[in-house]
Amino acid sequence: MLRRSMPSSVLRLYVVGGTPPSERALHGVERLRAELGPDVEVEVIDLRERPELAESERIIATPLLVRVSPEPVRRVLGDLSDVERLRWSLGLPGQDAT
Amino acid sequence: MTINDYEVARLPSGIEGLDTVLAGGLPQRRLTLVSGTAGSGKTLCAVQFLAGGIADGSEPGVFVTFEERPAAIRRNFRSFGWDVGAWEDAGLWRFVDASPQPGDDAVVAGAFDLTSLVVRVKHAVAESGARRVALDSTGTLVDHFADPVAARRALLEISAELQEAGVTSVMTSERLDDYGPITRHGFEEFVADNVVILRNALEGEKRRRTVEVLKLRGGSHAKGEHLFTIKSDHGLIVVPREAVTLDYDVSGKRLTSGLPELDAMCCGGYYDKSLVLVTGPTGTGKSLMATHFIAGGVANDERALLLSFEESRGQLVHNAARWGHDFERMEAEGKLRIVAAAPEAAPLEDHLLRMKESIADFGPDRVAIDSLTALQRISTAKSFREYLLGLSFHIRTQALIGLVTAATDELGGSMIGGDLHVSTVSDAIVVLQYVGRGAEIARGVVVLKMRGSDHDKAMREYTVDDHGMHIGEPLALRAWTRLSEVL
């Protein structure tokens, strides 16, 4: 499937499937996707299936969301329930003031 | 069924002497906590545990590091003769690097857990086929996050996974005080089945390293603190203080003291595999007694080792020649070895190790140490006591006879130095003493104790001339008084 335009943000979410914080983070990322549409691309990696990536990336805590682009790389640890903090740290557009 | 059937199976720890304290080794398939203050040797202990498995039977190991970087560990332990990098290449060693990385401080937005760390440890163990796992050290992991709960839960999960994988593990943690709470965070001891404490306590002005097994679930162990030292090509070496187990053979064989009259006073000589103490004030002839002991052994075709902490080699040879004994010739014939060392040159544990090395290397039948007083001067009361226990145990288990000399402070004073615990660990005690007889001062020798045998209870007068010591008749009881009573 071809995209019409390049996404402005590429995010990678590392989770360990089946753990409550990781499950909540997956929902949080779905919300982001729905909201931001093609502007954001999210890759989800389950470290239980790819333990060698946990090792090479030296990940000890999850869920971990990494903004791969634009540079600089930013990392957010946690279930993404703190939406304001998430937006601020990833430099994502905030919700319109209501 | 013996009591051993209930004991948990053991695995060699890789640390010399520690397995004796652990009554066989680390409990297999269990997690042992090693807790100690900063600089007590925790990381070394963890590394040595894995190195032991690799050297022993090529058991692969996983090292989970929360603190030091793998590169630092590869570098720092090369001086111990451990090439971690080569072991990694050979698939015998695997790191799980959970050390803090610069720039990986993530913003925290909500709840998290450390399951990925658990996943990594499990993966590393499964892939490498590890039999041993070391985790070093927990405090850094806990400090890494503002909330310690996630780290605690992860350590519990890891311990459960390791048990399930059937590996034997060592986890280190730090404590603030050598005699305080077991760990700084106070929970690691509940994760582990067994607890070992490393201490590096300052006593007087000296450092004293000891290891103590605090808890060993499902098994026995030697209680109390045991001295250890760190040697560059060995790592940790524990000197087990298990002279108290007394499971050596008591020998009935008699060996000469080097003086026929003294042999007669002991009803046939000193026992083999025993420790003899010669004590007395300065100038009574303790070193001379040691010289006779050495010469007597050599004359009976024994090999003798003389450890001197008081006089130089040259001085010893000179003194012996004055009394008619040619130490240089005995050395040339390979019957004698003289090792002279300044007591201050090394800590007490090292002196004990050097003695063991000399014994292993030379293979003597008898050993004389002149004098303990010099060694006592450089040590604390506690470590001196442990040195003595280690010494007497080694002499007995190596089937040697040992003679040690010690000075008493007052000229005519107490028969045995008040704080010299050597009297309790020695099997025979020979006391040399100045006695007053009217206006004259004479010297007397008495056998104060002779374990397992009768002995002459009389104090006999002795003289010293160019041929050494000559023991004569008993001093008549009323004719002599202790010098202190005369002065």
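The values are calculated or read from the model by the stated rules, or taken from the named source; none is laboratory data. Just so you know, these numbers come straight off a predicted model, no measurement behind them. Ideal geometry is used to build each Cβ from the backbone, glycine not excepted, and the neighbour counts take in all protein chains shown. Accessible surface areas use protein heavy atoms only, side chains included; no ligands, DNA or RNA. Shrake-Rupley method; radii C 1.70, N 1.55, O 1.52, S 1.80 Å.
Computed quantities for the displayed model
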item	result
Residue within segment B:280-302 that is within 23 Å of the chain's Cα centre (by Cα) and not charged (D, E, K, R) present	no
Test: residue in segment B:115-130 that is over 19 Å from B:Thr172 (Cβ atoms), in a helix (DSSP H, G or I) and among the aliphatic types (A, V, I, L, M)	yes
Restricting segment A:68-82 to residues that are part of a strand (DSSP E or B) and aliphatic (A, V, I, L, M), the residue that is farthest from the other protein chains (Cβ to nearest Cβ)	A:Val68
Among (1) over 35 Å from the mean Cα position of the chain (by Cα); (2) open to solvent by 10 Å² or more (accessible area, probe 1.4 Å), the one test that B:Asp177 misses	(1)
1 or more residues touching a residue at least 12 places away in the same chain (Cβ under 8 Å) and not hydrophobic (A, V, I, L, M, F, W, C): qualifying helices (runs of 4 or more DSSP H) within segment B:234-351	B:260-265, B:286-299, B:313-322
Single condition B:Pro364 does not satisfy, out of (1) within 20 Å of B:Gly297 (Cα to Cα); (2) in a helix (DSSP H, G or I); (3) at pLDDT 85 or above	(2)
Sole residue being over 17 Å from B:Leu400 (Cβ atoms) and either surrounded by fewer than 21 Cβ atoms within 10 Å (Cβ to Cβ) or not assigned by TED's automatic domain parsing to the domain that holds B:Gly390 (or both), chosen from B:Arg303, B:Arg329, B:Arg337, B:Arg354	B:Arg329
Candidate set: segment B:97-114, residues that are under 42 Å from the mean Cα position of the chain (by Cα), open to solvent by 10 Å² or more (accessible area, probe 1.4 Å) and at the interface with another protein chain (Cβ under 7 Å from one of its Cβ atoms); chosen: the one farthest from B:Ile54 (Cα to Cα)	B:Gln101
Residue that is nearest to B:Thr183 (Cα to Cα), among those in segment B:8-43 that are charged (D, E, K, R) and not in a helix (DSSP H, G or I)	B:Arg30
Residue match in segment A:33-45 (condition: in contact (Cβ under 8 Å) with a residue 24 or more places away in the chain, of a type outside the set (Val, Ile, Thr) and facing chain B (nearest Cβ under 9 Å))	no
Only one of B:Ser79, B:Ser137 that is out of contact with any Lys or Arg (no Cβ under 8 Å at 6 or more places or on another chain), of a type in the set (Ser, Thr, Tyr), away from every other protein chain (no Cβ under 14 Å) and touching a residue at least 60 places away in the same chain (Cβ under 8 Å)	B:Ser79
Unmet criterion (only one of (1) modelled with pLDDT under 90; (2) under 18 Å from B:Lys122 (Cα atoms)) for A:Gly91	(2)
Flag if B:Ala150 is crowded, with 19+ Cβ neighbours inside 10 Å, in a strand (DSSP E or B) and not hydroxyl-bearing (Ser, Thr, Tyr)	no
Condition met for B:Gly53 (crowded, with 20+ Cβ neighbours inside 10 Å, more than 17 Å from B:Ser173 (Cα to Cα) and in contact with a Lys or Arg (Cβ under 7 Å, 6 or more places away or on another chain))	yes
Test for B:Gly324: is it within 30 Å of the chain's Cα centre (by Cα) and either at pLDDT below 90 or under 20 Å from B:His467 (Cα atoms) (or both)	no
Hey, B:Trp93 more than 14 Å from chain A (Cβ to nearest Cβ), modelled with pLDDT of 90 or more and crowded, with 23+ Cβ neighbours inside 10 Å or not	yes
Residue within segment A:52-67 that is more than 11 Å from every other protein chain (Cβ to nearest Cβ) and of a type outside the set (Val, Ile, Thr) present	no
Residue within segment B:124-131 that is surrounded by fewer than 22 Cβ atoms within 10 Å (Cβ to Cβ), more than 8 Å from every other protein chain (Cβ to nearest Cβ) and among the polar types (S, T, N, Q) present	yes
Enumeration of residues in segment B:331-346 that are touching a helix residue (DSSP H, G or I) at 6+ places or on another chain (Cβ under 6 Å) and among the hydrophobic types (A, V, I, L, M, F, W, C)	B:Leu336, B:Ile338, B:Val339, B:Ala340
Hey, B:Ala192 open to solvent by less than 60 Å² (accessible area, probe 1.4 Å) and free of Cβ contacts under 8 Å to residues at least 12 places away in the same chain or not	no
Residue identified as of a type in the set (A, V, I, L, M) and either open to solvent by 10 Å² or more (accessible area, probe 1.4 Å) or touching a Ser or Thr at 6+ places or on another chain (Cβ under 8 Å) (or both) among B:Val121, B:Val142, B:Val170	B:Val170
Hits in segment B:10-50 - residues which are among the β-branched types (Val, Ile, Thr), surrounded by fewer than 24 Cβ atoms within 10 Å (Cβ to Cβ) and over 18 Å from B:Ser137 (Cβ atoms)	B:Thr20
Residue tally, condition open to solvent by less than 50 Å² (accessible area, probe 1.4 Å) and in contact with a helix residue (DSSP H, G or I) (Cβ under 7 Å, 6 or more places away or on another chain), over segment B:357-376	9
Number of the condition not met by B:Ser379 [criteria: (1) modelled with pLDDT of 85 or more; (2) open to solvent by less than 30 Å² (accessible area, probe 1.4 Å)]	(1)
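Residue-by-condition table, conditions (1) touching a Lys or Arg at 6+ places or on another chain (Cβ under 9 Å); (2) modelled with pLDDT of 85 or more:
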| residue | (1), (2) |
| --- | --- |
| B:Ile429 | yes, yes |
| B:Tyr434 | yes, yes |
| B:Gly444 | yes, yes |
| B:Val447 | yes, yes |
| B:Asp456 | no, yes |
| B:Thr463 | yes, yes |
| B:Arg478 | no, no |
